[in-house]
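The values are calculated or read from the model by the stated rules, or taken from the named source; none is laboratory data. This is a predicted model, so every value here is computed, not measured. Virtual Cβ from ideal backbone geometry, glycine too; neighbours counted across all protein chains shown.
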Amino acid sequence: MLKKLITFSAILCTGQAWAACVDGAAGPNGVDSATEGSTCDNSGTSYIGNNTAYASGSGSVLNFLPGTVISSNGVAAVYTLAVGGVNSGGSIPGAGATVHAKGDLTVNGNALGSTRSIFIFSGTDAGGKRNSLQIDGNLTATRTGGLYGAVIENTGGDLLVAGKTSLTSNVSDALRNRGDANSTFRGSTSINVSGSNGIFQSGGTVNFNGDLTINTTTGNGIKTSGGLLNARELYIDVKSGVGNGIAISDRGIVNISGGEIITEGKGSTAISLNGGAFSSTDALSILTKSNDSQGIVLSGDAKAILARTDIQTQGDNANGINIINTPTNGVTLYFQDAISIETLGGGSNAIASKNNPANGFVLPAGSMLVTQGENSHGIDMQIESGGGDLTV
């Protein structure tokens, strides 16, 4: 009896001795988890805790039933659902893990501080396997409570949502994609954010195979400094503040089919490129509603390739396209189809440049540039017409 008692006490004192499968156990961390290479099938559909659910370690698989809801209980700075580690007294990574939702999944990360509703760790196991989150149905994820967190943060794993996606957040990014992370959303995606970015990308690849709709208040719709973002039809509305529809810098690349971008705050820009690249292949509509709000701004070594594009700016000092070249850096601007630019306010040029363009461009036949305010010009730069018709 004494020998058994001593052995049991030793196990209780070992802080890292977690069970391979935990399904709804009491305690602040690991209410639901898979570790040590185990495959764990959940029996319930509702889990609440701090760092509520996770899979960690090479070969570990955590399976959720359709309709599962995972929620935080309000404690700050937690990962409600984590893949490839657990945030418990400091992040403890374990690469090569998989979380598989076999239907619809809801994750509510409603807590203060740097809480992430969903966090995917980077890294690979000895066989090169990355951490993976697969959702066979629809994903609904929310994040409320304050600054610094995110609804989804993928730092270097694989995320696949087969159905529709709905992300809602206040004062924190809806989606962060970093490192060599790969995030794919096959169905339509809806993002609603106040006070932060809809998408913040510094690396990796993000694919939206369905329509992407982003509504933000005082934040950017998409902000990227690295990596590749592909979207089909894109709809962005920045309702107030100086947030941009799309803000691209450094090595960020955004490719879309077409869609609509609206900015409503003073000093905002529908598409801002300071380096990086943007391209569209179908009809794109751009509208800015306030003073000092540009349609498209290009600077540094930015590159833009535009298909059919309609731009309207309604405020003063609001250019349709503003090109900022330097003696050593020039932007590249290519129109695949005729464009239409209309400016309504004073001091608002259809196309303007502070310096002569280092790279000339051709304005296609059938393009139309209309300015209605005082001290506004159709073109305030030297341009090669390419022999096509030009209406100013």
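Starting from residues that are surrounded by 23 or more Cβ atoms within 10 Å (Cβ to Cβ) and without any contact (Cβ under 8 Å) to a residue 40 or more places away in the chain, keep the ones in the range 254-269 and report whichever is nearest to Asn209 (Cα to Cα). Only one residue fits best here, namely Ile256.
Residue pairs whose Cβ atoms lie under 7 Å apart, separated by 6 or more positions or on different chains, with the first residue in the range 229-253 and farther than 23 Å from Lys266 by Cβ and the second acidic (Asp, Glu) and not in a strand (DSSP E or B), are Arg232/Asp211; Glu233/Asp211. Under the condition of being assigned to a loop (DSSP other than H, G, I, E, B) and either crowded, with 24+ Cβ neighbours inside 10 Å or without any contact (Cβ under 8 Å) to a residue 12 or more places away in the chain (or both), the residues counted in the range 211-226 number 3.
The residue list Ile305, Ile296 contains one member that is crowded, with 20+ Cβ neighbours inside 10 Å, of a type in the set (A, V, I, L, M, F, W, C) and modelled with pLDDT of 95 or more, which is Ile296. Screening the range 354-392 for residues that are at positive phi and modelled with pLDDT under 55 and picking the one that is surrounded by the fewest Cβ atoms within 10 Å (Cβ to Cβ) gives Gly387.
If you go through the range 222-262 and keep only what is among the small types (Gly, Ala, Ser) and under 14 Å from Leu273 (Cα atoms), you end up with Ser225, Gly226, Gly243, Gly245, Ala247, Ser249, Gly252.
Check whether at least one residue in the range 171-183 is in a loop (DSSP other than H, G, I, E, B), surrounded by fewer than 18 Cβ atoms within 10 Å (Cβ to Cβ) and either modelled with pLDDT of 95 or more or touching a helix residue (DSSP H, G or I) at 6+ places or on another chain (Cβ under 9 Å) (or both), and report yes or no. Checked the range 171-183: at least one residue is in a loop (DSSP other than H, G, I, E, B), surrounded by fewer than 18 Cβ atoms within 10 Å (Cβ to Cβ) and either modelled with pLDDT of 95 or more or touching a helix residue (DSSP H, G or I) at 6+ places or on another chain (Cβ under 9 Å) (or both). Against the test of being surrounded by 18 or more Cβ atoms within 10 Å (Cβ to Cβ), more than 15 Å from the chain's Cα centre (by Cα) and either part of a loop (DSSP other than H, G, I, E, B) or without any contact (Cβ under 8 Å) to a residue 40 or more places away in the chain (or both), the options Gly275, Gly203 yield a single qualifying residue, Gly275.
Scanning the range 128-149 for residues that are at pLDDT 95 or above, in contact with an Asp or Glu (Cβ under 9 Å, 6 or more places away or on another chain) and surrounded by 22 or more Cβ atoms within 10 Å (Cβ to Cβ) gives Arg130, Asn131, Leu133, Ile135, Leu139.
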